[in-house]
Amino acid sequence: MRNSALLVLATTLALLIQGYHPGLEDDAFYLAAIKRNLNPALFPHDADFFTLQFQATIFDKAVAASVRLTHLPLNVTVFIWQFVAILLILWGCLAIARRCFAAPHAQWAAVAMVAALLTIPVSGTGISLTDQYLHPRAVATVAILAAIVAILKKQRLVAGILLALAFMTHAIMASFAISFCIFLAWNSSPPKMKDQQVKGDRGLASFAVLLLPLGWVFEPASDAWRQAAATRKFYFLGRWHWYEWVGVFAPLVLLALFAQIARRGQSPVLARLSLRLLYFGIFQMVVALVIMLPPSFERLRPFEPMRYLQLVYLLMFLMAGGLIGEYVLGKHVYRWLLLFLPLSLGMFFVQRQMYPSTAHLELPGAPPTNDWVAAFDWVRGNTPTDSLFALDPYYMKLPGEDYHGFRALAERSALADIVKDGGMAARVPRLASRWLREVNATRGWRNFQAGDFQSLKSSFGVNWVVLAQPGISGMTCPYQNRSVMVCRLE
């Protein structure tokens, strides 16, 4: 009971540090997909921008099914999923820490370190350990951590089932986890190896080979696809900054150091975990370089092979927190405060700088404080379901918008944007030509006049536009606030 209470407390504090923003960034796709599962009439014009890729995941279907099962409002259900996902990630960290560290204060220091750093960026990859909204990567991470615990307990079958669940939720992250679990399960002492262990290792390897992606993954590249891929900086290692490469190699050095400390401290599980994570990191880095550097392999870049770092960072911070707890913090409360209070406040401050025009916690039922979100709410309640909107293709980057997704929050179709839809077109090549045609039609948006909007209506059937103030004179705009106006095309 005490441990459960501490995990709930740690989860609450983690949520307070990282914030909560449904519909943000990638949730422009995920939340829209969940809503379409609940109401197939939504997004009649542009559902392909999320339904094609989401054939490879059960995530949106599972969340939608939980709404139908519980009869709770969607916004409440999604928040519960987010809270429970963070809770179970921290539980997984505690379960691993208990096998690496004998002292309870070291175990909880490991959990506290991960809780404080859940939104730390993973170098060069465009992701963090978890997101400020419900993401299938977080749900998959729950299963991945549980699988690691199962491997440490030599429960290979359980690990395989958990990895299968992770794969059905987020195939890319689960593929990295399968690779790591093979490294972790490998027995370096062949003599007297049990037949069951051999079968377990072979089962994990076979599982990694047999789980093949869907057919659209193999569609060829095109000029339109290359333009979509060019919007993703992390696809191109030559564009990475020097400090991002430090974030690739520094963890390897730290893991080697952790292994030495563990050996001296007679912590065999910690030594094994850190060494196997080191080997995994080196292996995946080589694989990533082979995939991402040659131009002939350009079509493989959307598999995002450098994102193996998410698992490396997560376990590295877990081990670092446990070692600091064991050798530095101990049971001294003031030392805990000196470490975690500034760390947590620093992470909180960074989050507020990232989304300064939005409430830190966009909780269910709370009125929007962001003008763009308020406009999207009005659209949802006051425009026909089959409407087609057009926005600035860079609207997510506009001052005050704070990367909120129109589709997810307004529940209406829109022409493709550059900030997020470009990434989807890079993953699903058949969308690339449509994406390019639509973003080309909206280029120069900030210089558009009434006639340009009428051209969008003629070419695509657009009947509404969302404009930043002061907008365009002479248009019919039934909704306006300080920052945004929603206008109907007559």
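The values are calculated or read from the model by the stated rules, or taken from the named source; none is laboratory data. It should be emphasised that the depicted structure is a prediction, and the values quoted were computed from it without experimental measurement. Cβ coordinates were reconstructed from backbone atoms using ideal geometry, including for glycine residues, and neighbour counts include every protein chain displayed. Each accessible area value is taken on the protein alone, full model and side chains, heavy atoms only, with ligands, DNA and RNA left out. Shrake-Rupley method; radii C 1.70, N 1.55, O 1.52, S 1.80 Å.
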Of the residues in segment 445-482, those that are on the phi < 0 side of the Ramachandran plot, surrounded by fewer than 18 Cβ atoms within 10 Å (Cβ to Cβ) and either in a helix (DSSP H, G or I) or among the small types (G, A, S) (or both) come to R446, N447, A450, G451, D452, Q454, S455, K457, S458, S459, F460, S473
Out of (1) open to solvent by less than 10 Å² (accessible area, probe 1.4 Å); (2) within 28 Å of L289 (Cβ to Cβ); (3) touching a residue at least 60 places away in the same chain (Cβ under 8 Å), the one Q82 does not meet is (2)
Flagged pairs (Cβ under 7 angstrom, 6 or more apart or on separate chains; first in segment 43-62, over 24 Å from R437 (Cα atoms) and in contact (Cβ under 8 Å) with a residue 24 or more places away in the chain; second part of a loop (DSSP other than H, G, I, E, B) and open to solvent by less than 40 Å² (accessible area, probe 1.4 Å)) are T57/H170
Residues in segment 273-284 that are surrounded by fewer than 18 Cβ atoms within 10 Å (Cβ to Cβ) and either of a type in the set (S, T, N, Q) or touching a residue at least 40 places away in the same chain (Cβ under 8 Å) (or both) total 2
Within segment 207-237, the residues that are among the aliphatic types (A, V, I, L, M), modelled with pLDDT of 85 or more and in a helix (DSSP H, G or I) are A224, A228, A229, L237
Just one listed residue, out of L467, L431, is under 22 Å from L52 (Cβ atoms) and either among the hydrophobic types (A, V, I, L, M, F, W, C) or over 20 Å from the mean Cα position of the chain (by Cα) (or both), and it is L431
Scanning segment 417-430 for residues that are modelled with pLDDT of 90 or more and assigned to a loop (DSSP other than H, G, I, E, B), the one most open to solvent (accessible area, probe 1.4 Å) turns out to be K420
**Asked** Do the conditions hold for W240, that is, is it open to solvent by 50 Å² or more (accessible area, probe 1.4 Å), in contact with a Gly (Cβ under 8 Å, 6 or more places away or on another chain) and at pLDDT 85 or above?
**Response** no
*Answer yes or no as to whether S433 is over 28 Å from A359 (Cβ atoms) and surrounded by fewer than 24 Cβ atoms within 10 Å (Cβ to Cβ).*
yes
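Quick check on L88: is it open to solvent by 60 Å² or more (accessible area, probe 1.4 Å), assigned to a helix (DSSP H, G or I) and in contact with a helix residue (DSSP H, G or I) (Cβ under 6 Å, 6 or more places away or on another chain)?
yes
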When restricted to A159, A110, the only residue open to solvent by less than 10 Å² (accessible area, probe 1.4 Å), closer than 16 Å to A10 by Cα and not aromatic (F, W, Y) is A110
For segment 341-363, indicate whether the set of residues that are crowded, with 22+ Cβ neighbours inside 10 Å, of a type outside the set (V, I, T), part of a loop (DSSP other than H, G, I, E, B) and under 25 Å from the mean Cα position of the chain (by Cα) is non-empty.
-> yes
Conditions (1) modelled with pLDDT of 95 or more; (2) under 16 Å from the mean Cα position of the chain (by Cα); (3) hydroxyl-bearing (S, T, Y) -> S66 fails only (2)
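Check T77, T119 and return the single one that is open to solvent by less than 30 Å² (accessible area, probe 1.4 Å) and within 22 Å of F340 (Cβ to Cβ).
The match here is T119.
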Taking segment 232-269 and keeping only residues that are under 20 Å from I282 (Cβ atoms) and charged (D, E, K, R), one is left with E244, R263
**Asked** Being touching an Asp or Glu at 6+ places or on another chain (Cβ under 6 Å) and polar (S, T, N, Q), is that true of even one residue in segment 124-147?
**Response** no
Worksheet item: Does A375 satisfy being in contact with a strand residue (DSSP E or B) (Cβ under 6 Å, 6 or more places away or on another chain) and closer than 19 Å to F460 by Cα?
Response: no
- Looking only at segment 390-406, decide whether some residue is part of a helix (DSSP H, G or I), free of Cβ contacts under 8 Å to residues at least 60 places away in the same chain, surrounded by 22 or more Cβ atoms within 10 Å (Cβ to Cβ) and in contact with a strand residue (DSSP E or B) (Cβ under 8 Å, 6 or more places away or on another chain). no
